[in-house]
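Trainee: Below you'll find the structure I mean.
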Amino acid sequence: MAADPFGERSLVDAQRVRVEAIGEPGQRRFRLMVIADGDTAIMWMEKQQMQALGLALNQMLEQFSTDSLDLGRGDVPIDFDADTRRQFRVGRIELGFDEANGRVVVIAHDINSGDPDEDGEPAARPFACRLTRSQAESLSGSAATIVAAGRPRCTMCGAPMGPEIHVCAQQNGHLPIPYSEIGDEEPF
Ligand SMILES: [Zn+2]
């Protein structure tokens, strides 16, 4: 029997995974939800973390051939427990590859878990689970969609607009007229 490269006997398969954004545009909060062993874990993260997670999963999927990754089943239809007590803010996320089982391993560390070397107390155990290729693909795709969805789109060209000034292709690169120059004598 192959040794578990992560030395985690308790490493469990995710039964269901999802990433989502909560709240209004501009004030969205991002989270990764996982059901493993029948229990829901909710990991809150920054938008940049979600973007990085999606990209890293995508890279990992490209890195390992379809042969070496068990396609596996998709999600099991169990409802997420949105009120689960197992919720934390993510400080660091690691990805690994469980070669023996052909699974992507996700390890999420609580931002508040202490460094084990500092005060002698063991750090809180990070959340760790295994994903099938289907689940990893689904997460990667959803993360990209969610991250992009928060950006308003230009009504002229449809391109997502960031904090920088948008130079619109549909206006031959001319900047849109600033609102203040439109005139403030409009009755509305
Ligand atoms: Zn535009």
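Bear in mind these aren't lab numbers, they're just calculated from the coordinates by the rules spelled out. None of the values given here were measured: they were computed from a predicted structure. Positions of Cβ are generated from backbone atoms using ideal geometry, with glycine treated the same way; all protein chains shown enter the neighbour counts.
Trainee: Using θ = phi - 60° and the Karplus form 6.51 cos²θ - 1.76 cosθ + 1.60, what ³J(HN,Hα) does each residue of region 22-30 get, whole Hz, x for Gly and Pro?
Mentor: Whole-Hz 3J(HN,Hα) from phi for region 22-30: 10, x, 7, x, x, 10, 6, 10, 10.
Trainee: Measure off 7 Å from each Cα along the Cα-to-Cβ vector at ALA169 and ASN112, then give the distance between these two points in nanometres to one decimal.
Mentor: 4.6
Trainee: Once phi is turned into θ = phi - 60°, what whole-Hz ³J(HN,Hα) does the Karplus curve with 6.51, -1.76 and 1.60 give for every residue of region 144-149, x standing for Gly and Pro?
Mentor: 5, 5, 5, 5, 6, 5
Trainee: In nm, to one decimal, how far is the GLN48 label point from the GLU99 one, both placed 7 Å along Cα→Cβ?
Mentor: 3.4
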